[in-house]
Structures are given as structure tokens and as C-alpha cells.
1. Do the conditions hold for V132, that is, is it modelled with pLDDT of 95 or more, under 13 Å from the mean Cα position of the chain (by Cα) and part of a strand (DSSP E or B)?
2. Does D71 fit the bill of being out of contact with any strand residue (DSSP E or B) (no Cβ under 8 Å at 6 or more places or on another chain), of a type in the set (D, E) and at pLDDT 95 or above?
3. For the stretch 250-272, indicate whether the set of residues that are within 24 Å of E176 (Cα to Cα), touching a strand residue (DSSP E or B) at 6+ places or on another chain (Cβ under 8 Å) and of a type in the set (F, W, Y) is non-empty.
4. So which of P182, P190 is more than 17 Å from G64 (Cα to Cα) and out of contact with any Phe, Trp or Tyr (no Cβ under 6 Å at 6 or more places or on another chain)?
5. Select from the stretch 137-175 the residues that are part of a loop (DSSP other than H, G, I, E, B) and either crowded, with 24+ Cβ neighbours inside 10 Å or touching a Leu at 6+ places or on another chain (Cβ under 7 Å) (or both) and list them in ascending order.
6. Taking the stretch 81-104 on its own, how many of its residues are without any contact (Cβ under 8 Å) to a residue 60 or more places away in the chain and in a helix (DSSP H, G or I)?
7. For the stretch 204-236, enumerate the residues that are more than 19 Å from the chain's Cα centre (by Cα), in a loop (DSSP other than H, G, I, E, B) and under 17 Å from Y140 (Cα atoms).
8. If you go through the stretch 41-54 one residue at a time, how many are at pLDDT 95 or above and either surrounded by fewer than 19 Cβ atoms within 10 Å (Cβ to Cβ) or over 12 Å from T26 (Cα atoms) (or both)?
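The values are calculated or read from the model by the stated rules, or taken from the named source; none is laboratory data. It should be emphasised that the depicted structure is a prediction, and the values quoted were computed from it without experimental measurement. Please note: Cβ atoms are built from the backbone with ideal geometry, for glycine as well, and neighbour counts cover all protein chains shown.
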Amino acid sequence: MQRIILLLVAFAGAVHTTAEQLQIVTALDVDYLPTADYADAKDKLDIYMPLGATNAPVVVYFHGGGLMYGDKSLAQVVAKRLLAKGIGLVSANYRLSPGVMHPAHVQDAASATAWVHQNIAEYGGDPQYLYVGGHSAGAYLAALLALDPQHLQQHEMTLSDIRGAIPISPFLYVEETAEDRPKSIWGQVPLDWLAASVTPHIAAGKPPMLLIYADGDDSWRRAQNEQLAKELTMIGNEAVRAVKVPDRDHTSLISEIDATDDQVGELLATFIAEQMHD
């Protein structure tokens, strides 16, 4: 059941906040797939919007957890950071392995994105300024949505409906990653790993993308982020870049997003503002 709540969220000690408290409106456990009934609310999303928002940009956000763990509540700290900038956030659950395999995760992500595109205006968001993002496995889903058009096409959307993608510390090249991951995610066949990767979808005409990773990320993950930015740029996608954040690791990129030395929140807000003024 959908619950709409007016919250007064404390921002004591937060950076880049003009007031110590911010009123927000949340709609919790909104069903983005009314024709399904997934266990553990995996067909539900949470909406966080500044009170009184009109035509606000919105990020559809997918949590991390290796496509096996996690929940939409993990985005609360990110929502708090973005709301202070006048940016809405929608955090969506999706089905997890081993209960499902690829492409079920990204199909759910596409369904949630389509729901937001169709309905966010009712909550004060602007569907013309719709961004996809996430952390770790959720960032991989956001990258796939922005690169592989087939998932959004199932909902009569195109890549042009995505104003930009903001993957935070994703894995990207599944053909390199899957061998060391549970086979319940992508299966056991290397050709299936390649099909689940960003690799087949590296082409011109993709939405702007900001890849964010930590200096404390594993070397292979840092390399994948830099590689995708390089390959997309070389083929003609000028609004793509990768940024390394110092003094952070894979977890603290998100867990410390409200710290006084945070850079991630500012990177997100600046990227969104740049695309809105293009």
C-alpha cells in the first residue's frame, strides 16, 4: 500500500545545505508493476521529493548488493543529499538472484524507470529531466539502461528519454566479472556473460554519463570505469567522463555522502545541472 508522508529531515552537519532542516514529501512502497506481485516488495519504489517541488529533476536510483542483496532503503542517504540541491530521487527495488537471473534485474529497472517517466509529474518531478543512477550492482543496471535500448523499448521509451546516467562504482564488463561471481546471476556460458555486458552496446548516440569511482576501489573496477568512459568518448559520445574520488572506498562513496569532505553529492548535482542547461 502506498504511504505518502511529510517529513522534516535533519541535516545537522551536512555540507552544501542552506538550512539545517529540509521538508520533504515521500511516497513509500509505490507499486511500479501493478500486474505483478513480487515477494519482499521487489516491485515497489520509494519517492523522495522536496516539499512544493515543481518540474524538479529526478534520479531513478538502484541499490547495490551484487544483484543478490540490498533494498531500496539503502538510497535514503543519497536522497537526503540530493534533496538539499532541489533534486528528487526515486529508489526502486528489483528482483534478486538466486531467485532470478539476468535479464530480470534490468527488466525490473526498466519497468521502474518507465513508471517514473509516466508518473513523476504528479509528485513535482519533470519527466524531461530524468536521470538513472545507482551504486555498484545498481550502477551496472543504470549503465545498461543508458546503453542498451531494448529494455526501455519494451515500455515505448528510447534512450533519449534518459537525460543522463550516473553509475557510482559499477562493474561493467560482465565477461570479465562473471567468472568469479555466482552462476545464478548470469549463468555459466561466456557468450551469455558477453550479452549481459556493456560491451555489445558501446556505440555513438548514447546519453551523457558520469562514471564515479573511488581511489580505494579494486583496481579492476577502477579500470572498467575508465575503460568505458574512454571507449564511449572515442566513438563520439562527448558528454561522458569518469571521475576518481579520493579518500574513499567502494562502500564509503555512498555511506559518507553526507560527510563534510564529500565530493560525490556535488558531482551528481553539477552533472545534473549541466545536462539541464544543454
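1. The answer is yes for V132.
2. Criteria met by D71.
3. No, that holds for no residue.
4. P190
5. Scanning the stretch 137-175 gives P149, T158, I162, R163, S169, P170, F171, L172.
6. Residues in the stretch 81-104 being without any contact (Cβ under 8 Å) to a residue 60 or more places away in the chain and in a helix (DSSP H, G or I): 1 in total.
7. Selection gives D218 alone.
8. Adding up the residues that qualify gives 4.
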